[in-house]
Every structure is written in C-alpha cells, then in structure tokens.
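> Here it is: the structure, laid out below.
The values are calculated or read from the model by the stated rules, or taken from the named source; none is laboratory data. Source: prediction; values computed, not measured. Cβ: placed from backbone, ideal geometry, glycine included. Neighbour counts: every protein chain shown. Note: areas computed on protein heavy atoms with side chains; ligands, DNA, RNA excluded. Shrake-Rupley method; radii C 1.70, N 1.55, O 1.52, S 1.80 Å.
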Amino acid sequence: MRLFSPLYVIIILTAFFCAAFVAHRPGFSSPMVYDSQTWIQGKAHVFAGGEPLEVMSIVPARPLFMATIYLGYLWHGMDPYWFRLVNAMILAVAGVALMLLAGFVLQIPGARTKGTLLEQQGVSALVGLLFVVHPLQSFAVLYIWQREAILACAFYFGGLAAYVGVRSGRFRRRILGYVLTGTLFFAGMLSKEVLVTFPVVLLLAELTLFGQGLSQTVRRCPAILAITLPPLAGYLLISSGLHGPYSEHAQGIGSRLLGYYTLAGISPVQVVMTQCRVFFVYLSTILLPSFAGMTFMTAMTVSASLVDPTATLFAVGGMAALVVMGAAVIRRRPLYAFGILFVLIALLPESLLIPHYVFFGYRPILPMAGVLLVFGGAILQLIAWAKARGPDTVFKFTLVAACLAALVLLGCMSYSQARRWSPLDFWFTAFHSLPEFSEKVQKIPYLDVIANLSGVLVQEGKYAQAVQVLKKPFSARADTRDLPSASRPHAGKAMTNREIAEALIETFRVDRRRTAIALGNLGVALLQLGKDSDAISIQRAAVRIDPGSWLACFNLAVALGKAGNNEAALRYYGEAAALNPRSAQIFNNLGRVLQATGRREEALKAYVKALRLAPSIPEINYNLANTLLQLDRVDDAVKYYRRTVLLRPAHVEAHANMGAALLRSGRIAEAIESLNAALKYENRNPDLLNLLGAAYAEQGKPTAAAKLFRKAMSLDPTHEGAGRNLKSLESRFPDLLNSDDAHPGR
C-alpha cells in the first residue's frame, strides 16, 4: 500500500476514532462542566431560538467552533454524550492530520531523518496515535468546550501538512496547495485564535526543514503573507461583525487583552517569568502523565523576580537553554530544531495573552505535536543506529513492543481519567492542586476553583463540605503578613460564617462576579444547614457586590422566602426575572411565593411563564395544577397533573392530588385509578388510604372502603379523617361492624 493512499488514510482514521472512543467512552454521559455548562447548556434558550448567527455571537471570536456546537444541538439537543462523541471524531481527524504532517516532514531530505519508507510510515502513524490516546485529550473530548482546542489542532496540523506537501513537491498543483493551506488556516482561526502563530511556524519550517538561510527565509515572507493575510483579514471582519447581546467577550482584541492584564494585576515581565516555570509543568504532563489524573486549573504562585521563588531562575535558564539548543541544531538536526521551537511558539499566545489564568491543563495539547515529532525522529535514529551494528530483528521487536506498551499505558490512563470524570472529581482534582494562599498566589483561578467546587458540593447536598472549601484561603499558613486583615487566619478561634464572607469580599474583590458566586454558594449551604440569618446577610452582600447577577438576586429571594419575608422575596424574584427573563426556575419560585400569599391569579401567570420556558419540568406542571385546583378549574388541573405523572411516573403527590380532583368532580373510577397508582409507590400512606377509601365509599363499595379506613388507622391511630369516615360508614352500614375486617384478631 503506497504511503498515505486514500484507503490507508481511511483505515487509520477509523482506527484512531476507535482508540479515542474506547479511551474516553466511560465519561461520555457525565454532566457538562465549567464553560460547557455556562456557555452551551446555560445558553440553551439561544440555541432554541433557531438563529445560527445568534449562537455564533456567543463567542464571536470562534464562530466555526460555535457553529459545530449548534449543529450538534440540532442533531441531539443538549445531550453531552453526543457532543463528546463528535469530539472523539474530531480528535481522530486531528491525529490523522498530525500523521500526514509527520509523514511529509520525515521524507523531506532537508529534515535529515533516517529510515525506509515503511519505517517512516509506521513512525508517522505511531506519532498520530500517541497524540490521540494521550491523557491530555480528556480535556479536548470530555470537557466539551475545548472542542475548540482540538478543532484548532486539526486545522493547524492540516494546514502545515498542506504547506510542507507543496514545498516538498508532493503536491504538483502548488497554487491549489497554497489555497488549501490558507483555507485551513482561516478555518482554524475561526475555531480558536491560537492559530495566530501559524505564519511564524511556516517561516520556522522554511528555516529548519527546508534548510533555508536567514536571508532566504526572509525572502519567503511575501509568499507566506500572501497565503495568510487574506484569511486573517477575513477572520477579523467576521469576528467583529458577530458581536451581539449574547457575546461572552467585549468587542476588540486590544480591549480584551487590557482587561485581562487589569484583572491579573501582574506585569508582563512577571507573566513571562511565571510562564517559564509553568512551561516545565506542561512538559511534564506531556512526558510523564499520571494515573491519578491531571489538573484542569490551578492557581500559580507568581514569580516576583528571578529568585522569588528560587525555581524561577532555573526555569528561565532552562527556557533559554531550550531556545539555544533549538537554534544550535538547526543545521545538524533540523527536525529536532523544528519540534523544540514549535513547542515554544505554539504555547506563546495563551501563555502571554491570558495572564489572569497562567495555567490551564489543556494548553499543552497543540504544542505536544512538536514533542511527538522529535520522538518520531528519535525512533528512526534508533532504528538506523541498530542497523549499523548488525541484525536488528530483536531490536526492532523490542522497540515495537515498547511503543505498544507506551500506547497501552497512555490509553489506560485516559480510560482511568474518563471513568472518574464528573463535575465533583473535575473540581476536587483542581482543589487539591491549589497552593497555600498568599498575596503571591493568583487570585482569580484560586477563587474560580473554590467557587465552582463549592457550587458542585451544594448541588450534591454536601453543605458542610462546601463551607469548608470556601474557608481554604483563610486557613492557617506561614506567611500572612501581606494579606488583608480580614483574610488572615483567626488564631485560636474558628471563623464565623460572616467572617468567611467578609474575608472572601476583601480578598477577591478584583473579580466581583466570581466573588458573588462564591458568596451565593456559601449562603445556600448555610440556608440548608439552618443558618437562615447568616444566609440572608451573606446573600445580601452578594447582591451588593454584583447587583447585575440574576443568580445573586434569586438566592437572596430564596433565603428571604424561607425566613417568611415573602414581600422582600417577591421583590428580589422580580429583579432576578428582569435580569434573566428566560429562567423557568425564577418564575416557578415566584409562583410559589405568590401562591403562599394567596395571590393565586398572579401565581398562575408566573407558572404559565415558567411552563412556556421549560414545559418538560414535572414540578412546574405540578405547581400549575395545584393553583388551578385552588381556583376551582378542576378539569384544567387534572390536565396538568396528568402531564406531571407522564414526565415523572413516581410523582406520588401528583397522583394523589389528581385523584382528589377527580373525586371532587365526580369521576370516581378515574379517581380510584389515580389513587391506586399513588399507592404503588407509597402503600403505607394513611392519607392515600383514607382518600381511596372515600372514593370506594362514593362508588358504593362500603366493605372495600371500610377496609382501607381501618388500614389507615392501624398505621396512624390518631388519623382524624380515617376515623371520622369509618364511623360515618359504620353508622350507614351497621353490618360492617360484624365483618371480619372489623375484628382482625378474631
């Protein structure tokens, strides 16, 4: 089979997809996390609007990525399984693109690699497969939002392969090959801006792989600009034109970058020094991933100088050594030079332009290609070395076995990570990687981790743990001199809940939105732990900090409602609804408070709004049915009780209330059917037994009714309704007193 024939590529693509699917399948059905939850699931109403441009405007800088998410939504709704399945497909395509790139590069005479055509073909396939099964790809497949990263990789590798193919003479139609290069660069920019380094890497390829001198490389600049400038201009026009009310980022690249550095509160020099340390963390995740899993996010200690912390000096020296090494081997080992310098260049955009998040676990995915290209060249060098020393059959067998073992090991690590993948594990892993907090530690990622983990713990009902997580920055530590006074550990005594809130506000005021989220989680946890007064005070603080947050207003309304302050609760539910008129949860809760205050017509309107927004939520249908029943609209109430039990067959209250409504309207047989359905789930509920007994009495079956009344009283001897109904029945049918059921012990 000739190198990279269509059949070969199809076979490899299928194999790569199967490997990606098997490695990550255990995590496919896990709930969405972080940006996936916020910007995909949280924007469901935008997707449901049926306007593709509005969906793409959510992240106008990455419209192609958003378009693929929208197409997935049209195919399978918001089911995370199918989003991840598509991510695995894209990962397989990226692996094949890297394989093609490696194959083309290994055959360039200027790359000075060894090996036969078959050996080069095998090594290039190995490089692609290592990329696909590496545990880092969990962040590209299972963390749905980072589809943008793996799309960028596919287009980056594909565009680079097309350019190398043209320059090495593999593509005879040079113009078509350059157009393909520019098109893939354009598609990559529309997926993620990391492709901004693509023109630089083309120049790097000229300098290293094609053996061009510096002056010759400079002369190639016009051709490279002709390939890349039109796509870049088109990207800027499209992304600037897509900004709208749903956009995540402010318009303008300059304003975004300025905002990032303002949030970070650190200088560009400090960013560079810190990133030198982070680079070696990234390199270790590529070369030595762990079965224990890798961290998605952490807060790094910022390098204040070359000796603070001391590791900074060694990291800066190490980075300088890599640059020198890459430059030094350009002529003797061009492939190694290309791989080393590619890693450094590919990391630059995200490392330097997003200073408030110095570390993200998925960032090494694109640079990993440079490491794998160096690895592929080293494998061919080893084979050539073995051939020069005699028969190489044993060595080749050993080398193949070692490569297979590495593939299996990496695949097992990915599988292990996928099995554990869940919102709780996702954030607990990040939480455990946090350093002791100080003024030298990055505040925004630290806050992000504790806010998100506490939110997951609250959702899972682990309220005390959520409070402990939010206290972590203020636990005892060695160096607290530079911290704000409210943030310092309280020696000798535990912090009160309000002191925790004050410390969060004073320490993290740089990011008001996330601080309000953390306070909201603290307030919800305390409310569930019975600390109503503290909860209300803390939720009020969250609203003061971020008055534009519908969630802060909503949480305060919930706390006020639980405390019985319904008028204040109604006010904040109203503010939350004004800020987020697409939330069914707000209108459902608003309806409950209105219903509790006797304003049933207004409650009805609130439930109707909630139902329009989320018709498939059982509780909304149930609450609407209850209100309709209170308004004597029995038939309408029955309609929504039926919808409730269709959505949740085990909804006992809906079955019971529907039975009561049917009994009230004289539809006895239907009432009995509903009440029997309720008893399937709670057969020892005295209220249900009493109600069913009343239905049988109305149907003219006194014996069956009496039996049910007596069973209800055996479960609850003080049940007034059952006792009263039984006495009434026995007075009308005296023979019931002599039945066996009247004397069960006889």
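> Determine which single condition residue 502 fails, assuming it passes every other condition in (1) open to solvent by 50 Å² or more (accessible area, probe 1.4 Å); (2) at pLDDT below 90.
Unmet condition: (2).
> Which residues, taken from segment 186-214, are of a type in the set (Gly, Ala, Ser) and either more than 18 Å from residue 362 (Cβ to Cβ) or in a loop (DSSP other than H, G, I, E, B) (or both)?
187, 191, 205, 211, 213
> For segment 25-46, how many residues are open to solvent by less than 50 Å² (accessible area, probe 1.4 Å) and either farther than 24 Å from residue 422 by Cβ or outside any helix (DSSP H, G or I) (or both)?
Number satisfying all stated conditions: 6.
> Find the residue count for segment 272-301, including only residues that are in contact (Cβ under 8 Å) with a residue 60 or more places away in the chain, more than 18 Å from residue 434 (Cα to Cα) and within 26 Å of the chain's Cα centre (by Cα).
Adding up the residues that qualify gives 5.
> Shifting gears a bit: Consider residue 599 carefully, then state whether it is of a type outside the set (A, V, I, L, M, F, W, C), without any contact (Cβ under 8 Å) to a residue 12 or more places away in the chain and open to solvent by 50 Å² or more (accessible area, probe 1.4 Å).
Yes; evaluated as a whole, the condition is true for this residue.
> On to the next question. Checking residue 110 against (1) farther than 19 Å from residue 338 by Cβ; (2) in contact (Cβ under 8 Å) with a residue 24 or more places away in the chain; (3) surrounded by fewer than 20 Cβ atoms within 10 Å (Cβ to Cβ): exactly one of these is not met. Which one?
Tallying (1) farther than 19 Å from residue 338 by Cβ; (2) in contact (Cβ under 8 Å) with a residue 24 or more places away in the chain; (3) surrounded by fewer than 20 Cβ atoms within 10 Å (Cβ to Cβ), residue 110 fails exactly one: (1).
> Just give me the residues in segment 159-185 being part of a loop (DSSP other than H, G, I, E, B) and basic (Lys, Arg), in sequence order. Steps first, please.
We begin by selecting, within segment 159-185, every residue part of a loop (DSSP other than H, G, I, E, B); these are 168-173.
Within segment 159-185, 170, 172, 173 meet the criteria.
> Check 93, 105, 22, 86 and return the single one that is closer than 20 Å to residue 185 by Cα, open to solvent by 10 Å² or more (accessible area, probe 1.4 Å) and of a type outside the set (Phe, Trp, Tyr).
Exactly one of 93, 105, 22, 86 is closer than 20 Å to residue 185 by Cα, open to solvent by 10 Å² or more (accessible area, probe 1.4 Å) and of a type outside the set (Phe, Trp, Tyr), namely 93.
> Considering each of 198, 171 in turn, give the residue that is among the hydrophobic types (A, V, I, L, M, F, W, C) and open to solvent by 20 Å² or more (accessible area, probe 1.4 Å). Before the answer, list the steps.
Details: 198 fails: open to solvent by 20 Å² or more (accessible area, probe 1.4 Å).
Only one candidate passes the filter, namely 171.
> In the list 139, 155, which residue meets the criterion of being among the aromatic types (Phe, Trp, Tyr), open to solvent by 10 Å² or more (accessible area, probe 1.4 Å) and more than 25 Å from residue 378 (Cβ to Cβ)?
155
> So, in segment 201-222, exactly how many residues are open to solvent by 30 Å² or more (accessible area, probe 1.4 Å) and under 20 Å from residue 155 (Cα atoms)? Reasoning before the result, please.
Within segment 201-222, the subset open to solvent by 30 Å² or more (accessible area, probe 1.4 Å) is 203, 207, 210-212, 214-216, 218-222.
Okay, now just the ones that are also under 20 Å from residue 155 (Cα atoms), so 203.
Qualifying residue count for the region: 1.
> Under 7 Å between Cβ atoms, which residue pairs at least 6 apart in sequence (or on different chains) link something in segment 407-420 that is in contact (Cβ under 8 Å) with a residue 60 or more places away in the chain and within 13 Å of residue 132 (Cα to Cα) with a partner that is part of a helix (DSSP H, G or I) and open to solvent by 20 Å² or more (accessible area, probe 1.4 Å)?
As it stands, the answer is 407/129; 411/19; 415/26, since those pairs meet every condition given.
> Tell me the residue from 549, 537 that is open to solvent by 30 Å² or more (accessible area, probe 1.4 Å) and touching a residue at least 12 places away in the same chain (Cβ under 8 Å), please.
Working: 549 fails: open to solvent by 30 Å² or more (accessible area, probe 1.4 Å).
Exactly one residue qualifies, and that residue is 537.
> Next question. If you go through segment 233-256 one residue at a time, how many are open to solvent by 50 Å² or more (accessible area, probe 1.4 Å), of a type outside the set (Gly, Ala, Ser) and in a helix (DSSP H, G or I)?
Within segment 233-256, residues that are open to solvent by 50 Å² or more (accessible area, probe 1.4 Å), of a type outside the set (Gly, Ala, Ser) and in a helix (DSSP H, G or I) number 4.
> Additional query: Test residue 343 against the criterion of being open to solvent by 20 Å² or more (accessible area, probe 1.4 Å), within 36 Å of the chain's Cα centre (by Cα) and at pLDDT 90 or above, and give yes or no. Give the steps one after another, and end with the answer.
On the way: open to solvent by 20 Å² or more (accessible area, probe 1.4 Å): no; within 36 Å of the chain's Cα centre (by Cα): yes; at pLDDT 90 or above: yes.
So residue 343 fails the test.
> Scan (1) out of contact with any Gly (no Cβ under 8 Å at 6 or more places or on another chain); (2) modelled with pLDDT of 95 or more; (3) not basic (Lys, Arg) for the single condition residue 418 breaks and write down its number.
Every listed condition holds for residue 418 apart from (1).
> Search segment 374-389 for residues that are part of a helix (DSSP H, G or I) and pair each with any residue that is open to solvent by 40 Å² or more (accessible area, probe 1.4 Å) and among the hydroxyl-bearing types (Ser, Thr, Tyr) when their beta-carbon atoms are under 8 Å apart and the residues are at least 6 apart or on different chains.
Partner pairs satisfying both residue conditions: 374/336; 377/336.
> Which of the numbered conditions does residue 544 fail, given that it passes all the others? Conditions: (1) open to solvent by 40 Å² or more (accessible area, probe 1.4 Å); (2) among the charged types (D, E, K, R); (3) in contact (Cβ under 8 Å) with a residue 12 or more places away in the chain; (4) within 27 Å of residue 437 (Cα to Cα).
With respect to (1) open to solvent by 40 Å² or more (accessible area, probe 1.4 Å); (2) among the charged types (D, E, K, R); (3) in contact (Cβ under 8 Å) with a residue 12 or more places away in the chain; (4) within 27 Å of residue 437 (Cα to Cα), residue 544 is out only on (3).
> Might you check whether a residue that is part of a helix (DSSP H, G or I), of a type in the set (Gly, Ala, Ser), at pLDDT 85 or above and over 55 Å from the mean Cα position of the chain (by Cα) occurs anywhere in segment 712-724?
Yes - at least one qualifying residue is present in segment 712-724.
> Could you list, in sequence order, all residues of segment 569-586 that are open to solvent by less than 20 Å² (accessible area, probe 1.4 Å) and within 26 Å of the chain's Cα centre (by Cα)?
Hits for segment 569-586 are 576, 577, 583, 584, 586.
> Okay, next question. Identify, by number, the condition in (1) open to solvent by 10 Å² or more (accessible area, probe 1.4 Å); (2) touching a residue at least 40 places away in the same chain (Cβ under 8 Å); (3) over 14 Å from residue 149 (Cβ atoms) that residue 99 doesn't meet.
(1)
> Follow-up. Looking only at segment 676-696, decide whether some residue is open to solvent by 40 Å² or more (accessible area, probe 1.4 Å), over 21 Å from residue 611 (Cβ atoms) and basic (Lys, Arg).
Yes, the conditions are met somewhere in segment 676-696.
> Looking only at segment 626-647, decide whether some residue is within 28 Å of residue 563 (Cβ to Cβ), open to solvent by 20 Å² or more (accessible area, probe 1.4 Å), touching a residue at least 40 places away in the same chain (Cβ under 8 Å) and in contact with a Lys or Arg (Cβ under 9 Å, 6 or more places away or on another chain).
no
> Return the residue satisfying two criteria in turn: it lies in segment 223-232 and is hydrophobic (A, V, I, L, M, F, W, C) and free of Cβ contacts under 8 Å to residues at least 60 places away in the same chain, and of such residues it is least open to solvent (accessible area, probe 1.4 Å).
224
> Follow-up question, since we're still on this one. Condition first: open to solvent by 40 Å² or more (accessible area, probe 1.4 Å), part of a loop (DSSP other than H, G, I, E, B) and of a type outside the set (S, T, N, Q). Now tell me which residues in segment 280-308 satisfy that.
Selection gives 288, 291, 292, 304, 306, 307.
> Looking at (1) open to solvent by 20 Å² or more (accessible area, probe 1.4 Å); (2) closer than 27 Å to residue 34 by Cβ; (3) charged (D, E, K, R); (4) part of a helix (DSSP H, G or I), which is the one condition that is false for residue 448?
Result: residue 448 passes all but (1).
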